[in-house]
Amino acid sequence: MPKASAPATLGFLNANTPAARRIRVVIASAALVAVGGLSTLVMPGPKPAGAAGEGSHPGIFRIPLDTPLTERAVYPPGIAVGNFDGAYTMATMYKSVAFAGNKVAFWGSEAGALKAGNYPLDEFVYVLEGDLVTVDVDGTRHEFHPGDAFVIPKGWAGTCDMKTRFKKIIVNF
């Protein structure tokens, strides 16, 4: 029987190229930042019975890239721009027990725009699907596509315009 693999759009992560290796290192590094350092990832012991990252002896926690986004939410009024309703889905994969608020999650939304006046935390983003245009409050414009990574710093102000259905891995730290 053939071995299951990542979705076709993420197959490049399995490639043994310098670019794919760098992407895997960036994702792993961001996850380490989110959980407060390497020691919380490599402690020996059984996997926790509860949510990922909970328990006295956490172990390595695999994050399957095909995880369904089952948490549903809507941004409060004033965040969604134009006709966008602000609805999004998530799958929280890991919550740090050492640093409250630090997490690793998948986040997805239909096309639409969001505005931020004072982003509440630092967030590493790795784009899995879709196209995003951000505009900083000073007018600086950035475009991001699948395979791109960036950081939204705490306090950032601007807009995020998801031009298409959009999915990302986020690491809050």
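Bear in mind these aren't lab numbers, they're just calculated from the coordinates by the rules spelled out. No experiment lies behind these values; they were computed from the predicted model shown. Note that we place each Cβ from the backbone using ideal geometry, even for glycine, and neighbour counts take in every protein chain shown.
Between VAL133 and LYS115, the distance separating the two model label sites (each 7 Å from Cα on the Cα→Cβ line) works out to 1.6 nm.
Under the shape rule built on the C-alpha gyration tensor, where the axes satisfy a ≥ b ≥ c, the stretch 76-121 is oblate, since a/c reaches at least 1.5 while a/b does not exceed b/c.
Stokes-Einstein diffusion for the stretch 57-173 at 20 °C, viscosity 1.002 mPa s, with a Kirkwood radius from C-alpha pairs, works out to 144 µm²/s. Residue-wise HN-Hα couplings along the stretch 97-106, as the Karplus relation 6.51 cos²θ - 1.76 cosθ + 1.60 with θ = phi - 60° gives them from phi, are 8, 7, 10, 4, x, 7, 7, 10, 8, 9 Hz; Gly and Pro carry x.
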